[in-house]
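**Q** I'd like to ask you about the structure that follows.
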Amino acid sequence: MKDEKTQRPLEHHLRKWMLLLLFTFSFSSTLYAQQQRSRFDSIQHIAEVTVWSHYNHKEVIPSQTLGGQQLETLSAHSVADALRYFSGLQLKDYGGVGGIKTVNIRSMGTNHLGISYDGIELGNAQNGQIDLAQFSLDNVEEITLFNGQKSALLQPASDFGHAGAVYIRTRAPRFTDRNYNLRIKGKYASSDLFKLSALWEQKLSSRLSSSLSAEALTASGKYKFRYLRKRQDGTVAYDTTATRQNGDIWALRAEGNLHGMLDNGFWKLKVYTYHSERGIPGAIVNNVWRRGERQWDHNTFVQGRWQRQLSSRLTTQAVAKYAYYQTRYVNRDTTQMMVDNTYRQQELLFSTSNVYDIAKWWSASLSYDLRWNKMNADLRQFADPQRWSHYLAVASAVNFERFKLQASLLMTSVKDRTNSQTSKTMTEWTPAVFFNVYPLASRDLSVRAYAKKSFRMPTFNDLYYTEIGNTMLQPESALQYNVGLSYDKHFQKGLLRYVHVQADAYYNTVHDKIVAYPKGQQFRWTMLNLGRVHIKGVDVEAEATVVPVRRLLVTGRVQYTWQQARDVTDPSDSYYQHQIPYIPWHSGSAIVNIQYGDWDLNYSFIYAGERYNQQENIKYNYMQPWYTSDISLARNFQFTGIKLRVLLEVNNVFSQDYDVILNYPMPKRNYGLTLDVKI
């Protein structure tokens with residue numbers, strides 16, 4: 001039974017949400033402008049097309065992209081589900097629609113990956129992790145992963161500091177014979193999932209357009225799973241089939257955009273709000289299926305971006321953002337300590353970036369960011385920390401016909417202040433250099449390499465969590481080395497129309513890794529800079545498009561990752577040089593899409609090899625490989641002024657039993673039906 005003081009009826013939330021949408025719509029908008037400086041920033045407008053080729057394969061820095069038709073055909077609920085198809089990423093999924101989902105790049109940890117939403121970074125000073133399950137795919141047009149950093153000089157200074165970055169670009173309006181577009185999408189799926197979303201785009205003038213995107217989601221989160229555990233001698237301890245409990249969720253999302261065109265530039269304003277309540281099903285341990293944990297999230301941010309080319313040589317950009325995040329966690333399990341805590345975060349960001357073209361082949365940039373974070377919690381003796389962060393980046397790029405080079409240097413200065421003391425200021429310098437060479441005159445083949453130093457600050461939880469945090473922690477740093485090549489070729493005629501192959505080998509080291517460590521007293525832990533990890537890996541990606549007959553288009557995409565991530569902290573440890581937890585040696589994915597006329601068939605496959613769930617690579621901690629296969633079939637219909645798409649999907653076709661995280665079972669075979677209407 002839910003507590004009436006804290007659990008409001010869904011109808012009341014819906015009424016509040018609709019009022020919020022009406023308010024937001026008064027200044028919502030969108031503009032179709034992809035702004036890139038590859039040599040040189042320019043605003044480009046393109047018609048609506050389906051792009052099958054790899055995104056800008058001439059980049060200095062390697063990237064992977066999913067967009068357009070590929071995102072629509074994947075059996076994915078959120079951004080996190082789509083990221084599973086990128087090589088070099090490891091997704092932590094705690095199961096079900098409402099399960100928390102975070103992503104890790106090349107075994108360096110979640111905190112080393114930057115996540116940007118329409119060009120501005122998402123932040124979480126509390127623990128440094130972004131729950132990607134909170135971001136729907138219904139309004140996303142493209143997702144791009146960069147290893148190292150983005151191939152652009154005109155970007156916020158802090159974007160130069162990550163070991164990798166994911167850029168999420170939301171849909172932009174395209175107007176033809178009408179001044180508005182309307183899209184309504186509904187989905188019903190297993191676990192009693194129901195999702196309804198709507199998108200309204202309006203052309204306000206020749207230089208101003210708007211959009212409003214909204215979504216409501218609810219699900220019971222119930223699904224059957226098998227719980228099989230064996231003792232060390234191989235005998236069966238538990239073998240039970242049960243139903244996952246306390247995994248329910250309701251979530252409301254609204255997003256409004258205003259886009260304006262300027263002479264030689266543009267501006268954009270975004271308002272985003274997300275509200276949810278979810279049960280936390282917890283780990284299945286010793287035949288305990290039910291947990292009493294619940295979580296409420298109320299996240300809102302406002303961000304603006306202004307960009308203009310001031311002269312033939314100088315382009316400037318200004319960015320501002322305010323975010324407010326509130327999380328409430330409740331544990332009413334009578335077998336554990338009762339908990340009811342609320343955490344509140346605030347963030348302010350101001351950024352300016354400037355690029356100057358010294359010559360036709362040579363550009364330089366100067367960027368500065370100021371970020372302020374504050375956190376409050378109703379925990380006993382909580383420090384109420386504030387953080388002032390300054391980022392100053394200088395970068396330069398040369399661009400010749402057969403050679404590209406980009407280098408950057410970032411200075412980061414961070415000062416924390418608490419209600420009892422002011423911690424010391426931390427300053428770090430992080431350089432990076434990238435180059436790309438095209439051996440062939442056709443530029444179909446490129447060879448690249450980069451070296452980069454990056455780091456991540458200790459989070460507020462690492463430093464100040466009551467009785468656990470350690471205010472003396474140092475930043476966790478990483479060194480990255482990468483060599484790779486890519487080959488892209490388009491063909492105008494014949495069976496094969498496009499082929500792309502990309503391969504990268506890399507070596508990373510992580511120093512002063514922040515880990516939880518027992519400090520003597522029973523049940524008491526603290527955070528220390530104890531970890532050191534050496535990482536070797538290979539990422540391979542291949543894609544091809546063939547046209548066997550007229551109106552038949554077949555596209556295939558395959559990705560594979562090999563990683564060796566060893567803990568080399570202390571030779572006296574029993575797990576010295578063992579693979580770190582949850583990192584498989586082998587993983588990969590495959591996507592095959594077949595389009596024939598108005599029909600669309602998609603098959604996707606994900607594989608994760610053997611791995612261990614604890615530091616010691618022993619039999620007791622061993623986790624078997626798992627794989628899933630998803631199939632979807634869509635049919636497009638068109639009436640006068642109306643486009644209709646019906647999508648049927650079957651996920652985990654072979655009903656595999658698997659855990660991404662130990663004792664958090666994933667759903668077996670499940671189904672979904674989607675109706676998409678465009679006016």
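**Q** Condition check: surrounded by fewer than 17 Cβ atoms within 10 Å (Cβ to Cβ), out of contact with any helix residue (DSSP H, G or I) (no Cβ under 7 Å at 6 or more places or on another chain) and among the acidic types (D, E). Does D248 satisfy that?
**A** Taking the combined requirement at face value, the residue does not satisfy it.
**Q** For R226, are the conditions met, namely being open to solvent by 60 Å² or more (accessible area, probe 1.4 Å) and not acidic (D, E)?
**A** yes
**Q** For V236, state whether it is at pLDDT 95 or above and of a type outside the set (D, E, K, R).
**A** Taking the combined requirement at face value, the residue does not satisfy it.
**Q** Only one residue in A393, A359, A323 is open to solvent by less than 50 Å² (accessible area, probe 1.4 Å) and without any contact (Cβ under 8 Å) to a residue 12 or more places away in the chain. Which one?
**A** Result of the check over A393, A359, A323: A359.
**Q** Turning to a different aspect of this structure: So, in the range 655-672, of the ones that are of a type in the set (S, T, N, Q) and farther than 13 Å from G282 by Cα, which residue ends up surrounded by the most Cβ atoms within 10 Å (Cβ to Cβ)?
**A** Ranking the candidates gives N670 first.
**Q** If you don't mind, there's one more thing I want to ask. Could you grab me the full set of residues in the range 616-649 that are assigned to a strand (DSSP E or B), under 30 Å from K230 (Cα atoms) and open to solvent by 60 Å² or more (accessible area, probe 1.4 Å)?
**A** Y622, Y627
**Q** When the residues of the range 567-579 are narrowed to those that are modelled with pLDDT of 90 or more and open to solvent by less than 60 Å² (accessible area, probe 1.4 Å), which ends up farthest from L71 (Cα to Cα)?
**A** V568
**Q** Could you list, in sequence order, all residues of the range 179-193 that are within 30 Å of R244 (Cβ to Cβ) and surrounded by 18 or more Cβ atoms within 10 Å (Cβ to Cβ)?
**A** Of everything in the range 179-193, those that are within 30 Å of R244 (Cβ to Cβ) and surrounded by 18 or more Cβ atoms within 10 Å (Cβ to Cβ) turn out to be K185, K187, A189, S190, S191, L193.
**Q** Taking the range 373-390, which residues are in contact with an Asp or Glu (Cβ under 6 Å, 6 or more places away or on another chain) and either open to solvent by less than 40 Å² (accessible area, probe 1.4 Å) or closer than 30 Å to D444 by Cα (or both)?
**A** Correct list: N373, P385, R387.
**Q** Here is a further query. Scan the range 657-671 and give yes if some residue there is modelled with pLDDT of 90 or more and within 22 Å of S107 (Cβ to Cβ), otherwise no.
**A** Within the range 657-671, none of the residues are modelled with pLDDT of 90 or more and within 22 Å of S107 (Cβ to Cβ).
**Q** Which pairs turn up if I take residues in the range 169-197 that are closer than 17 Å to R669 by Cα and look for partners that are among the aromatic types (F, W, Y) with beta carbon separation below 7 Å, at least 6 apart in sequence or on another chain?
**A** So the pair list comes out as Y188/F194; A189/Y671; S190/Y223; S190/Y671; S191/Y223.
**Q** All but one of (1) charged (D, E, K, R); (2) crowded, with 20+ Cβ neighbours inside 10 Å; (3) over 23 Å from T170 (Cβ atoms) hold for E201; state the number of the condition that does not hold.
**A** Of (1) charged (D, E, K, R); (2) crowded, with 20+ Cβ neighbours inside 10 Å; (3) over 23 Å from T170 (Cβ atoms), only one is false for E201: (3).
**Q** What pairs can you find where one residue is in the range 588-612 and open to solvent by 60 Å² or more (accessible area, probe 1.4 Å) and at pLDDT 90 or above, the other is in a loop (DSSP other than H, G, I, E, B) and among the polar types (S, T, N, Q), and their Cβ atoms are less than 8 Å apart, with a gap of 6+ or different chains?
**A** Close Cβ pairs satisfying both conditions: E610/Q624.
**Q** Looking at (1) closer than 23 Å to S116 by Cα; (2) part of a strand (DSSP E or B); (3) in contact (Cβ under 8 Å) with a residue 60 or more places away in the chain, which is the only condition Q149 fails?
**A** (2)
**Q** Same structure again: How many residues does the range 327-353 contain that are open to solvent by 50 Å² or more (accessible area, probe 1.4 Å), touching a strand residue (DSSP E or B) at 6+ places or on another chain (Cβ under 7 Å) and polar (S, T, N, Q)?
**A** 2
**Q** Consider only pairs whose beta carbons are under 6 Å apart and that are at least six residues apart or on different chains; among these, list those whose first residue lies in the range 111-132 and is more than 14 Å from R305 (Cα to Cα) and whose second residue is of a type in the set (D, E).
**A** Close Cβ pairs (under 6 Å, with a partner that is of a type in the set (D, E)) amount to G114/E121; G123/E347.
**Q** Output the qualifying pairs, or none if there are none: Cβ atoms under 7 angstrom, residues six or more apart or on different chains, first residue in the range 406-420 and touching a residue at least 60 places away in the same chain (Cβ under 8 Å), second residue charged (D, E, K, R).
**A** T412/E428
Conditions tested, residue by residue: (1) over 22 Å from N354 (Cβ atoms); (2) in a strand (DSSP E or B); (3) open to solvent by 60 Å² or more (accessible area, probe 1.4 Å).
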{"residue": "R371", "(1), (2), (3)": "no, yes, no"}
{"residue": "S408", "(1), (2), (3)": "no, yes, no"}
{"residue": "T412", "(1), (2), (3)": "no, yes, no"}
{"residue": "F434", "(1), (2), (3)": "no, yes, no"}
{"residue": "L440", "(1), (2), (3)": "yes, no, yes"}
{"residue": "S454", "(1), (2), (3)": "yes, yes, no"}
{"residue": "P458", "(1), (2), (3)": "yes, no, no"}
{"residue": "N461", "(1), (2), (3)": "yes, no, no"}
{"residue": "G469", "(1), (2), (3)": "yes, no, no"}
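**Q** Please go through the range 471-491 and give me each residue that is open to solvent by 30 Å² or more (accessible area, probe 1.4 Å) and farther than 30 Å from S442 by Cβ, ordered by number.
**A** The answer is T471, M472, Q474, L479.
**Q** Continuing with the same structure: Any residue at all in the range 349-361 that is under 23 Å from N124 (Cβ atoms) and not in a strand (DSSP E or B)?
**A** No: the range 349-361 contains no residue that is under 23 Å from N124 (Cβ atoms) and not in a strand (DSSP E or B).
**Q** Among the residues of the range 72-91, is there at least one that is part of a loop (DSSP other than H, G, I, E, B), in contact with a Pro (Cβ under 6 Å, 6 or more places away or on another chain) and either crowded, with 21+ Cβ neighbours inside 10 Å or at pLDDT 50 or above (or both)?
**A** No; the residues of the range 72-91 include none that is part of a loop (DSSP other than H, G, I, E, B), in contact with a Pro (Cβ under 6 Å, 6 or more places away or on another chain) and either crowded, with 21+ Cβ neighbours inside 10 Å or at pLDDT 50 or above (or both).
The values are calculated or read from the model by the stated rules, or taken from the named source; none is laboratory data. None of these values were measured; they are calculated from a predicted model. With ideal geometry, Cβ positions are generated from the backbone for all residues, glycine too; neighbour counts draw on all protein chains shown. For accessibility, only protein heavy atoms count, side chains too; no ligands or nucleic acids. Shrake-Rupley method; radii C 1.70, N 1.55, O 1.52, S 1.80 Å.
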